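Okay, structure first, notes after.
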Amino acid sequence: MQDIIEEVGVATPTSPPKYVMFKITEEILTKTWRRIYREKPLRKRGSDRGVDNITIEKFNKNAFIFIKDINRQLVGDFFKFQPLKKRQIPRKGKSPRIIQIPTVRDRLVQRVMAEFLNKQFSIIFKNNHIVGSVKGMRVERILRRALEYNMQGYKFVLKTDIINYFPTISKKRLSKIFFREVHDKKLRLLFTQYLKQSKEDGIPQGTPLSPFMSNLYLLKFDQVLNREKAIKHFRYVDDLVVFCKSDADAKRIYKLAIKLFRQVGLVIHPLGTVGKTYIDIFENGSIDILGVVNKHGRLLIKPQKYKEFIQETITPIQFKSCLNLENHQTINIALDNLLNNLNQRINGWVGAYRFCDMQKSLEILDNLMLVMFKRLLSKLDLPKADQIFFLRKLPKLVNAYKRN
């Protein structure tokens, strides 16, 4: 990251550095591309594509040519982001989440922008207790800090989240904030193109710039709360958690949050909405934040998160794709693909909660997966030896946890 920043001034604690040049060269694009390619799961390199139908694998084969062309357009200030491709992510009991997929070339340019901007704003975001895409502000650290707040007497915890956050962000307001805080000509030009990617109001979920923009949009809100000396707080995208010393303080901050959110066109759930907006009592050293319980210093995942893992990670795996196959070779190929898919999902999920104490729970989930796959194999026309060999290759959550 250091090589994409040319500092000619010093940042102040309250505002982003005014005199920092944004540089984007072929070398920077190439280094960033290599990181993107390494990070992308193997199974998605040939399928994840935008409106131009170019996959990550295809882009990588011709990366030198693509990057040279992208850089030429950026140098000439005529680079334009392409429209986004919409995809629905099903959620049990909820309306599907809409994510919008940029083309690979746009993803690369936005990744360079996002890394630069996050670095420039990292101190400001951190000082204003913003979590997510902020260096040094991981959820694990916040959860452990919650115990310190409890010992200091902050026993009342207000939790709320913004209704439909990303689609209700005003592009007009976001544009004013961005131009007020960011002074680089090329970044402003690219930001204007970014806003034109979608004709709808709001900002898209699923692009590299989305997390930064969501943090920037509520920066003034976070700064106001930061001046409230009677509370401790943090915000994780659209989730707000406020630690207070009294119930009255918690209710006062709730009313203040309603007022501040309304000023930027946002709405939060009414107080008392189950699982959305409520005041919790932080007692006996136990508190539930962002689906993780801090119990006397032990970080434990809520049971609901395990249920969601089964519903969203294991259940969608297409067992039926194996049932319709006739010969052993094609069945084995299908099972191998299924295992690769499952392995990627497991590593991602366990990696997200690697700081939690969950070995015993993962052992139970491993046994559940074993039973599910045994049932599947019993329906397939496979020799017993092949079935045993397959079960031995079945990825284990516990092993992924130990690796992390």
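The values are calculated or read from the model by the stated rules, or taken from the named source; none is laboratory data. Since this is a predicted model, take the numbers as computed values, not measurements. Note: ideal-geometry Cβ built from the backbone for every residue, glycine included; neighbour counts use all protein chains shown. SASA here: full protein model, heavy atoms, side chains in, ligands and nucleic acids out. Shrake-Rupley method; radii C 1.70, N 1.55, O 1.52, S 1.80 Å.
Which pairs in the list Lys85/Lys199; Lys40/Lys159; Lys229/Lys302; Lys80/Lys171; Lys119/Lys159 are over 22 Å apart, alpha-carbon to alpha-carbon? Don't skip to the answer; put the middle values down first.
Values: Lys85/Lys199 12 Å; Lys40/Lys159 34 Å; Lys229/Lys302 31 Å; Lys80/Lys171 18 Å; Lys119/Lys159 28 Å.
Beyond 22 Å: Lys40/Lys159; Lys229/Lys302; Lys119/Lys159.
How much length, in nm to one decimal, is gained on full extension between Arg72 and Leu394, taken as 0.36 nm per residue of separation minus their Cα-Cα distance? Each step should come with its number before you reach the end.
Values: separation 322, 0.36 × 322 = 115.92 nm, distance 4.72 nm.
Here the answer is 111.2 nm.
With a 1.4 Å probe and all protein chains kept in place, how much accessible area does Arg105 have, in Å² rounded to the nearest 10?
Spelled out: Arg105, probe radius 1.4 Å, area about 40 Å².
Amide H to amide H, which residues 5 or more places from Val293 or on other chains are under 5 Å from it, using H placed in the peptide plane?
Leu300, Ile301, Lys302
For an R0 of 35 angstrom, estimate the FRET efficiency from the Cβ-Cβ distance between Lys58 and Thr192 and round to the nearest 0.05.
Values: r = 29 Å, r/R0 = 0.82.
Approximately 0.75, to the nearest 0.05.
How much of Lys159 can a 1.4 Å solvent probe reach, expressed as accessible area in Å² and rounded to 10?
Approximately 20 Å² for this residue.
Accessible area, 1.4 Å probe, largest first: how do Lys305, Lys384 sort?
On the way: Lys305 50, Lys384 140 Å².
Largest accessible area first, the list is Lys384, Lys305.
State, to one decimal in nm², a quarter of the convex hull surface area for the C-alpha atoms of the stretch 129-259, i.e. the direction-averaged projected area.
Hull-based average projected area comes out at 8.7 nm².
Around Leu158, under 9 Å between beta carbons, what's the net of Lys plus Arg minus Asp minus Glu among the other residues? Spell out each step's value before the answer.
Working: positive: Lys159, Lys251; negative: Asp249, Asp280.
Once positives and negatives cancel, what remains is 0.
Kindly sort Phe78, Phe282, Phe389 by accessible area of their heavy atoms, largest first, with the probe set to 1.4 Å.
Output order, biggest surface exposure first: Phe389, Phe78, Phe282.
Ignoring everything but the protein chains, give the 1.4 Å probe accessible area of Phe261 in square angstrom, nearest 10.
Only protein atoms counted, so the area is about 0 Å².
Any lysines with Cα under 19 Å of the Lys396 Cα? List them, leaving off those in the same chain fewer than 8 positions away.
Here the lysines satisfying the reach criterion relative to Lys396 are Lys305, Lys307, Lys360, Lys374.
With a sphere of radius 12 Å drawn around the Cβ of Arg35, what net charge do the other residues whose Cβ falls strictly inside it have (Lys, Arg +1; Asp, Glu -1)?
Values: positive: Lys31, Arg34, Arg38, Lys40, Arg107, Arg111; negative: Glu39, Glu115.
Neighbourhood net charge equals +4.
Ordering Glu115, Glu27 by how much accessible area each has at a 1.4 Å probe, largest first, what is the list? Each step should come with its number before you reach the end.
Values: Glu115 35, Glu27 110 Å².
If we order Glu115, Glu27 from most to least accessible, we get Glu27, Glu115.
Pop the C-beta distance of Leu271 and Arg145 into the FRET formula with R0 = 25 Å and round what comes out to the nearest 0.05.
Once rounded, the FRET efficiency stands at 0.50.
Pop out the ³J(HN,Hα) list for the stretch 66-79 in order, Karplus 6.51 cos²θ - 1.76 cosθ + 1.60 with θ = phi - 60°, rounded to Hz; leave Gly and Pro as x.
Per-residue couplings from phi come out as 4, 5, 4, 5, 4, 5, 4, 5, 5, 4, x, 6, 10, 6 Hz.
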